[in-house]
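Data first, discussion second: the structure below is written as structure tokens.
The values are calculated or read from the model by the stated rules, or taken from the named source; none is laboratory data. If you're wondering where the values come from, they're calculated on a predicted model, not measured in any experiment. Methodologically, a virtual Cβ is constructed for each residue, glycine included, from the backbone with ideal geometry; neighbour enumeration extends over all protein chains shown.
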């Protein structure tokens with residue numbers, strides 16, 4: 001994973017070694033261990049509940065999106081293909097959360113193979129989710145700003161090829177979790193962490209994970225999202241679209257939510273990378289551990305609800321949702337019919353700006 005799921009127990013990540021090996025002799029300096037009892041109690045008390053809530057929200061929300069795609073949309077457009085892949089990535093990520101909830105509550109009880117498998121599912125799902133959100137933003141930019149050229153390039157081959165590229169990048173970025181994660185036994189119980197190699201080697205890969213998360217899965221997506229939505233906003237403001245104010249407000253909501261949910265977590269990741277790189281000694285502060293747990297759950301929540309968030313901002317999917325409800329609640333049929341007509345009118349006026 002990009003960051004450890006049980007950093008409190010990872011005393012070996014908070015140890016400082018000064019070890020030189022010569023032929024026939026080993027010189028070892030004092031090893032400093034940090035006490036993390038308070039952080040352990042905090043994680044055991046609060047994190048499992050957050051993980052279970054995120055898991056249930058993901059199942060409910062993504063299941064609803066899948067149902068709407070199946071009943072009303074099908075895979076007939078590039079946007080729906082990207083949306084389906086986003087739903088799959090979020091479900092893969094969410095499937096790991098119950099395991100981590102049990103882990104934080106007690107210890108790792110699921111064995112070595114599941115340690116590697118769950119760790120890789122977490123990483124692949126988490127990474128691919130942010131990449132698919134970025135890809136959907138870029139595709140929306142093409143459809144609005146370069147609508148004529150995009151009509152020729154936005155084919156099914158483009159959709160499947162782009163989706164395959166995202167999965168490849170996400171899986172490659174997660175290989176280290178499959179290789180390095182294993183079950184280790186300590187006085188605190190069984191842990192599922194990066195282990196089995198010397199501390200210097202593990203620290204280097206920990207740094208790679210931090211930099212990978214911050215630059216590849218945050219800075220690059222953030223720059224692309226900001227650029228695309230600025231260009232979309234400029235394009236909309238110069239059109240005669242009757243609902244341009246609504247479209248601009250929705251763009252602001254999307255960008256603001258993305259920034260609020262992802263920035264604090266990645267700032268903490270960067271601070272942990274700096275601390276690890278400069279090998280800060282005698283620093284046993286728990287501040288970054290608490291900050292990581294709190295900010296990470298905002299990022300988790302965004303991953304779990306992002307398909308619902310992006311889907312139901314559009315009037316077309318709101319109309320589909322009302323149709324779905326009207327089958328169970330007859331009094332909603334009139335609202336569903338009105339919403340369907342309104343969606344058609346909006347699409348007729350500007351088919352590329354239904355946010």
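How many of the residues in segment 141-165 are touching a helix residue (DSSP H, G or I) at 6+ places or on another chain (Cβ under 7 Å) and closer than 22 Å to residue 304 by Cα?
The number of residues fulfilling the criteria is 2.
If you scan segment 96-113, which residues turn out to be part of a helix (DSSP H, G or I), out of contact with any helix residue (DSSP H, G or I) (no Cβ under 6 Å at 6 or more places or on another chain) and surrounded by fewer than 24 Cβ atoms within 10 Å (Cβ to Cβ)? Please lay out each step first, then the result.
Kept after step one, since they are part of a helix (DSSP H, G or I), are these residues of segment 96-113: 96-105, 111-113.
Restricting the remaining residues to those that are out of contact with any helix residue (DSSP H, G or I) (no Cβ under 6 Å at 6 or more places or on another chain) gives 102-103, 111-113.
102, 111, 112, 113, listed by residue number.
Go through segment 181-205 and give me each residue that's out of contact with any helix residue (DSSP H, G or I) (no Cβ under 6 Å at 6 or more places or on another chain) and not in a strand (DSSP E or B).
Selection gives 187, 188, 195, 196, 197, 198, 199, 200, 201, 202, 203, 204.
Tell me yes or no: at least one residue of segment 285-305 is modelled with pLDDT under 70 and part of a loop (DSSP other than H, G, I, E, B). Break it down into steps so the answer makes sense when it comes.
Initially, segment 285-305 is screened for residues modelled with pLDDT under 70, giving 285.
Those left that are additionally part of a loop (DSSP other than H, G, I, E, B): 285.
Yes, that holds for at least one residue.
Any idea which residue in segment 163-208 is farthest from the chain's Cα centre (by Cα), counting only those that are surrounded by 19 or more Cβ atoms within 10 Å (Cβ to Cβ) and closer than 30 Å to residue 82 by Cα?
Only one residue tops the list, namely 176.
What about residue 127, is it part of a helix (DSSP H, G or I) and either crowded, with 17+ Cβ neighbours inside 10 Å or more than 25 Å from the chain's Cα centre (by Cα) (or both)?
Spelling it out, residue 127 is indeed part of a helix (DSSP H, G or I) and either crowded, with 17+ Cβ neighbours inside 10 Å or more than 25 Å from the chain's Cα centre (by Cα) (or both).
For a quick check of your reading of the model, give me the residue pairs whose first member lies in segment 180-199 and is closer than 15 Å to residue 120 by Cβ, whose second is in a loop (DSSP other than H, G, I, E, B) and modelled with pLDDT of 85 or more, with beta-carbon atoms closer than 9 Å and at least 6 apart or on different chains.
So the pair list comes out as 183/108; 183/110; 192/107; 192/108; 192/110; 193/108.
Could you check, for segment 325-334, whether at least one of its residues is under 21 Å from residue 255 (Cβ atoms) and either at pLDDT below 80 or not assigned by TED's automatic domain parsing to the domain that holds residue 46 (or both)?
As a first pass, look at segment 325-334 and keep what is under 21 Å from residue 255 (Cβ atoms): none.
No.
If you scan segment 218-233, which residues turn out to be in contact with a helix residue (DSSP H, G or I) (Cβ under 6 Å, 6 or more places away or on another chain) and surrounded by 15 or more Cβ atoms within 10 Å (Cβ to Cβ)?
Taking segment 218-233 and keeping what is in contact with a helix residue (DSSP H, G or I) (Cβ under 6 Å, 6 or more places away or on another chain), we get 218, 221, 224-225, 228-229, 231-233.
Across segment 218-233, the qualifying residues are 218, 221, 224, 225, 228, 229, 232, 233.
Here are the criteria: (1) under 23 Å from residue 293 (Cβ atoms); (2) modelled with pLDDT of 90 or more; (3) touching a helix residue (DSSP H, G or I) at 6+ places or on another chain (Cβ under 8 Å). Tell me which single one residue 215 does not satisfy.
Only one criterion is unmet by residue 215, namely (3).
I need the full set of residues from segment 27-49 which are touching a helix residue (DSSP H, G or I) at 6+ places or on another chain (Cβ under 8 Å) and either at pLDDT below 90 or within 12 Å of residue 290 (Cα to Cα) (or both), in order please.
33, 34, 36, 39, 42, 43, 44, 46, 47
Among the residues of segment 234-247, which ones are assigned to a helix (DSSP H, G or I) and either surrounded by fewer than 18 Cβ atoms within 10 Å (Cβ to Cβ) or at pLDDT 80 or above (or both)?
Residues of segment 234-247 that are assigned to a helix (DSSP H, G or I), as a first pass: 234-237, 244-247.
Scanning segment 234-247 gives 234, 235, 236, 237, 244, 245, 246.
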